[in-house]
Amino acid sequence: MEREPARLPSWLRVRSPLGEATGRVREVLKKYHLNTVCQSAACPNAGQCFAEGTATFMILGRECTRDCRFCAVRPGQPGPPNPTEPERVAAAARELGLRHVVVTSVTRDDLPDGGAGHFAATITAIREAVPEATVEVLTPDFGGDPKAVAAVVAAGPDVYNHNLETVPRLYPIVRPGADYRRSLALLRRVKELQPAMRTKSGLMVGLGETEEEILAVLADLRAAGCEMLTIGQYLRPSRDHLPVAEYVPPERFAAWAEEARAMGFSYAAAGPLVRSSYHAGEAMGLKRYATRSGTD
Ligand code: SF4
């Protein structure tokens, strides 16, 4: 991989808004002892999303049984799933007045169902606590277990999100525990089980992938019936993670979004700071994170 570009380009230098709303989200997360991928994965948008009164809940622990070379989540042996977590996520979503609730998790290769049952319980709890909200889940690959995928689909999320993250050639370097075909098969399986369920996937770029490889991944996603897409810039969490090969300029993201829409994606968000659940509510046609309290 080439030498890492020295300076962060202007389009990636963001100032994290501080203020009341940000503090409130942190308070509620603390009150219910909840994790977010926003904090665990050091997302550059956390400040903005918190300021807009939303967050992506991360269930099933803070440590992951995998060790992807781009991810800031700590690898380790997570403890048993906490049975009160689904209710706590639901209570926090209600207290924050969320209209679109996004739930993700670490990968739990140590659990028989990979944590699918816990996802299903969390979706059900949110449905009961905030019936008017839409629910998006961003799941791991459950080791390719079709029963696990079926359990999550049966709980009825509005959006089933599973990230491919990068192009197949880079999988051994970037996400050694994952499998490109297995991840595509998961998205296809969701559509087979529930054709009306919206499926979504995300890519990060700047790791040395080529234009042809990116377009080939978009075509594979469309062939698997995926209709929602996000593309964002990889940012190195620490010196222990993969170096950035390239800071991709905004105009290339704009071109990919246009190309994706031409390929039939109903939603395509592409930009240096775009992340899987960034402005996820907008994809559901919701005004940007408008919460019941009317902050917008
Ligand atoms: S599986 Fe997910 S949470 Fe775990 S290290 Fe990889 S990207 Fe991070």
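Observations, loosely collected:
- VAL101 long-range amide H proximity, modeled H, under 5 Å: THR134, VAL135, GLU136
- Sequence of SER10, SER183 from largest to smallest accessible area, 1.4 Å probe: SER10, SER183
- Shown here is the pair-distance distribution of segment 1-148: with all Cα-Cα distances grouped in 10 Å bins from zero up to the longest one, the shares run 11, 38, 33, 15, 4, 0 percent.
- Volume in Å³ per residue [convex hull over Cα atoms, computed for the chain]: 121 Å³
- Put simply, the amide H of THR36, placed in the peptide plane, has neighbours under 5 Å in MET58, leaving out anything fewer than 5 places away on its chain.
- Protection proxy ranking, peptides 201-212, 101-112, average beta carbon neighbours within 10 Å, highest first: 101-112, 201-212
- 3J(HN,Hα) along segment 107-114: 8, 10, 5, 7, 9, x, 9, x Hz, from the Karplus curve 6.51 cos²θ - 1.76 cosθ + 1.60 with θ = phi - 60°, whole Hz, x for Gly and Pro.
- Relative contact order %, the chain, counting alpha carbon pairs below 8 Å whose residues are six or more apart: 18 percent
- For segment 225-234, 3J(HN,Hα) per residue [Karplus equation, 6.51 cos²θ - 1.76 cosθ + 1.60, θ = phi - 60°, Hz, x = Gly/Pro]: x, 6, 10, 10, 9, 10, 9, x, 7, 5
- Three semi-axes of the equivalent ellipsoid, segment 96-192, Cα gyration tensor, whole Å, largest first: 25, 14, 12
- Comparing LYS191, LYS147, LYS200 in a Gaussian network model of the chain, where Cα atoms under 10 Å apart are tied by springs, the biggest mean-square fluctuation is seen for LYS147.
- Dipole in debye (nearest 20) - segment 1-151, about Cα centre, beta carbon charges: Lys, Arg +1; Asp, Glu -1: 540 debye
- Computed helical MRE - 222 nm, the chain, DSSP H runs ≥ 4 contributing -39500 (n - 2.57), nearest 500: -10000 deg cm²/dmol
- When each of the peptides 132-143, 170-181 is scored by how many other beta carbons lie within 10 Å of its residues on average, the order from highest to lowest is 132-143, 170-181.
- Here the Karplus relation 6.51 cos²θ - 1.76 cosθ + 1.60, evaluated at θ = phi - 60°, turns the backbone of segment 273-278 into coupling constants of 9, 5, 10, 3, 10, 5 Hz, with x for every Gly and Pro.
The values are calculated or read from the model by the stated rules, or taken from the named source; none is laboratory data. Everything numeric in this text was worked out from a predicted model, so none of it was measured. As a convention, Cβ positions derive from the backbone with ideal geometry for all residues, glycine included, and neighbour counts pool all protein chains shown. Calculation scope for accessible area: heavy atoms of the full protein, side chains included, ligands and nucleic acids excluded. Shrake-Rupley method; radii C 1.70, N 1.55, O 1.52, S 1.80 Å.
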